[in-house]
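See structure below.
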Amino acid sequence: MSDVRYPFTAIVGMPDLRLGLLLNAVSPAVGGVLVRGEKGTAKSTMVRALAGLLPTLAAVDGCRFACDPAAPDPQCPDGPHDRPSASERPAQLVELPVGVAEDRIVGSLDLERALAEGVKAYEPGLLAKAHRGVLYIDEVNLLQDHVVDLLLDAAAMGRSYVEREGVSVRHAARFLLVGTMNPEEGELRPQLLDRFGLTVEIAATRDPAERAEVVRRRLGYDADPAGFAARFAADEQALAERITAARELLPKVELTDVALRQITAVCAAFEVDGLRADIVMARTAVALAAWDGRTEVLEEDVRKAAQLALPHRRRRNPFDAPGLDEEQLDRTLEEHAQPEEPEEPSEPSESEGLGGSGEAEGDGDGEGDGPEDDGPGPDGGPGGGPDGGGAPEPASGPEASAAEPDEPLQQPVPAQHPAPARESAPVAAGDPYRTKLFTVQGTGHGAQGRRSPAETTGGHTVRARRPQGALSRLHLTATLQAAAPHQAARGRAGRALVLRKDDFREQVRQGRESNLVLFVVDASGSMAARQRMTAVKGAVLSLLMDAYQRRDKIGMITFRGADAELALPPTSSVEVGAARLESLPTGGRTPLAAGLLRAHEVLRVERLRDPSRRPLLVVVTDGRATGGRDALARSQRAAGLFAAQGTASVVLDCESGPVRLGLARTLAGLLGGTAVSLDELRPEGVASLVRENRQDSRRENRRDNRATTMRKAA
């Protein structure tokens, strides 16, 4: 890989991404930019190219935290800096790997010096290295939540706080934060989305000529990186000078009262939570004015700031796609484009003061006044009735029956015209709700999440143990306790400890993991009743939302007709699962065995890909099985495969009606899992069932007590 960066000005298209990055370069207080887009759209290339445009900075010599010699950080761990010597250096681009650990980000105790010299020293992390530079997080949506929280807190406060392993350190951490993500691989939580100042949606161009130019430039760069960069050197220099000029102009830009009122009105009109959006929009509008060489914020700056700062903050639930209504934006800006004038009290007119007729009586505007407004118009249109309301009376009698026949008479009657089972149009899902928590029993070792108990890199420390493999999380206290009894025998002299390999202990942390939740959904004709399928889809959507909140991977298998289909391969994008569920058609036979066997195969492959991620099987069915001989027996044998492997499973019992066969609960027993009805899935349903069970137990106890008393009396 060449050390010569791809030139920023050589990138074709993507004006919004280009502008968002440049605005953050002008004013890092904007809060960074989140780049959302499909793979292969040069997201990473453009971010890396931006670092080469940033002005060089003066830093205190020997300071690991890049303190500004003009205003050194008074809390710098390498300080105090009195009359420091300084030198110029380029702005740093720090790339954060997906699997980074918390101590690598914020820093930690320098174990080598602590154990060898007996002193407490701090080893800086990546936040210190990124100070006054660029912190780039590729695939930010794949980072663990607690890591993202650390990064965004530091970006918002401009300072990193380290309280760990006996170390208490504070240091400046102001940087341009850029994150990229592919929405197909999973979303960020809305709380984390809100911490990014701007967001930009990008997609590859569909223009053949533009695509050809992209390929042509990339091939030219790969063949001769230095020569290709030289072709754009003048453009790069001009853009870097413009960034410097905009930075110098930024403090002189005036945010007028009209512009500020437009900003707050837009945020209120779009019902954005909190006030962070207002602040980000204001900073962005000021940066836009400075970028254009102006000292006053205009309406066009406010409009563009809204387009960059609001779309990702408008998500009302986890499955809403980011977006902005342009017509509503223009309407709000137009309504607040003029300065507010103080309202002067109006003097009442003579007719108002004297209570005369005219407008005081409500008939000065011509409504309900005069013969033109009495009764219907000549064409039978709306007119005034006896009360002057202007609305026609609803028709009644036999003429109304002839004009408005009952709706059911317009529909075919299935009982009179039987037809074979066929595919029905997709039914909309019911409203999602909070569901009961289902977990995998035991303690896992998967990726951090919020579902099942697990040993994780985060969480709280529960005990110490000898290292299993390479030492990753030293338990300092346990290590010192293990080494202390042997110091005299080892001939310790001075403050340094004499350690052996057997003395080291590592932390065991208890937290929660994310799981693979695999849905197996019955979409056959037995589930096709519209009201019933709406409730079923609502229940599955609720479980999908629960999986989203707990950071699970999800997959979806549907079965109907003659076979089962993998509708959604295991993925972190729960939004895609919700979309597939919404468009799910129903009808046909019920190949339950095929659905279970397909699920068994999917889980087998996933165990090979990710052995540490434990699965949770959720079967949504009424338990019926049709299609072929011994359909029910085959489905029961397929269920036994999961029980033999100990796969955690839940059966969502969708059986309804006065006569119930209990097949879904039988299936749950064969799977070795639990069965939950649609009513039991809701927390209020679970609570009512608990109350009913308690009441039944109390009644049985009272009956037993009465029977015991009667026997004793006899």
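The values are calculated or read from the model by the stated rules, or taken from the named source; none is laboratory data. Values in this document were obtained by computation on a predicted structure and should not be read as measured data. Because the Cβ atoms are built from the backbone with ideal geometry, glycine has one as well, and the counts that use them run over all protein chains shown. Only protein heavy atoms, including side chains, enter the accessible area calculation; ligands, DNA and RNA are left aside. Shrake-Rupley method; radii C 1.70, N 1.55, O 1.52, S 1.80 Å.
A few remarks follow.
- Relative intensity, log₁₀ I(q)/I(0), of segment 519-670 from a Debye sum that treats every alpha carbon as a point, q = 0.10 Å⁻¹: -0.31
- Only one residue of N515, A535, L497 has its Cα farthest out toward the positive end of the dipole of segment 489-562, where Lys and Arg carry +1 and Asp and Glu -1 on Cβ, and that residue is L497.
- Computed lengthening from A234 to V462, 0.36 nm per intervening residue step minus Cα-Cα distance: 76.2 nm
- Carbon and sulfur %, accessible surface of segment 6-99 computed with the full protein complex present, 1.4 Å: 52
- Relative counts (whole %) of C-alpha pair distances in segment 201-281, using bins that are 10 Å wide: 14, 20, 25, 23, 18, 1
- Evaluated at q = 0.08, 0.16, 0.17 Å⁻¹, the base-10 log of the normalised Debye intensity for segment 461-608, with identical point scatterers placed on the Cα atoms, takes the values -0.44, -0.86, -0.93.
- Cα pair distances in segment 431-488, grouped into 5 Å bins until the bin that holds the longest one, percent each: 4, 13, 18, 18, 14, 10, 7, 6, 5, 3, 1, 1, 0, 0
- Calculated accessible area for segment 439-588 comes out at 43 Å² per residue, all protein chains present (probe 1.4 Å; ligands, DNA, RNA ignored).
- Per residue accessible area in Å² of segment 1-106, where ligands, DNA and RNA are left out and the probe is 1.4 Å: 44
- Peptides ranked, highest mean first, by Cβ atoms within 10 Å: ranges 435-443, 130-138: 130-138, 435-443
- Largest accessible area first, the residues M157, M545 order themselves as M157, M545 under a 1.4 Å probe with ligands, DNA and RNA left out.
- One equal scatterer on each Cα of segment 541-612, no solvent, Debye formula: the resulting log10 I(q)/I(0) at q = 0.20, 0.21, 0.29 Å⁻¹ is -0.91, -0.98, -1.26.
- Two-site label geometry, R89 and V508: point separation in nm, points 7 Å out along Cα→Cβ: 4.3
- Test item: Cα-centred dipole of segment 461-507, Lys/Arg +1 and Asp/Glu -1 on Cβ, debye: 0
- For K553, solvent-accessible area (1.4 Å; no DNA, RNA or ligand), Å²: 40
- A quarter of the convex hull surface defined by the alpha-carbon atoms of segment 147-186 gives 3.7 nm² as the mean projection.
- The Cα-based radius of gyration of segment 13-104, divided by its Kirkwood radius, gives an Rg/Rh of 1.05.
- Cα-Cα separations in segment 1-53 greater than 18 Å, expressed as whole percent: 29
- With DNA, RNA and ligands ignored, accessible area of L499 (1.4 Å probe; Å², nearest 10): 40
- Per-atom-type breakdown for segment 525-568 gives carbon and sulfur 47% of the accessible area (1.4 Å probe, protein chains only).
- For segment 137-164 versus segment 574-612, the gap between their alpha-carbon centres in whole angstrom: 35
- Summarising the overall dimensions of segment 236-276 from its C-alpha atoms, the Rg and Dmax are 15.5, 42 angstrom.
- Per-peptide packing, taken as the mean over residues of other Cβ atoms within 10 Å, places 43-53, 174-184 in the sequence 174-184, 43-53 from highest down.
- I11 contributes about 10 Å² of solvent-accessible surface, heavy atoms of the protein only, 1.4 Å probe.
- When only alpha carbons of segment 144-252 are considered, Rg and Dmax amount to 20.1, 60 Å.
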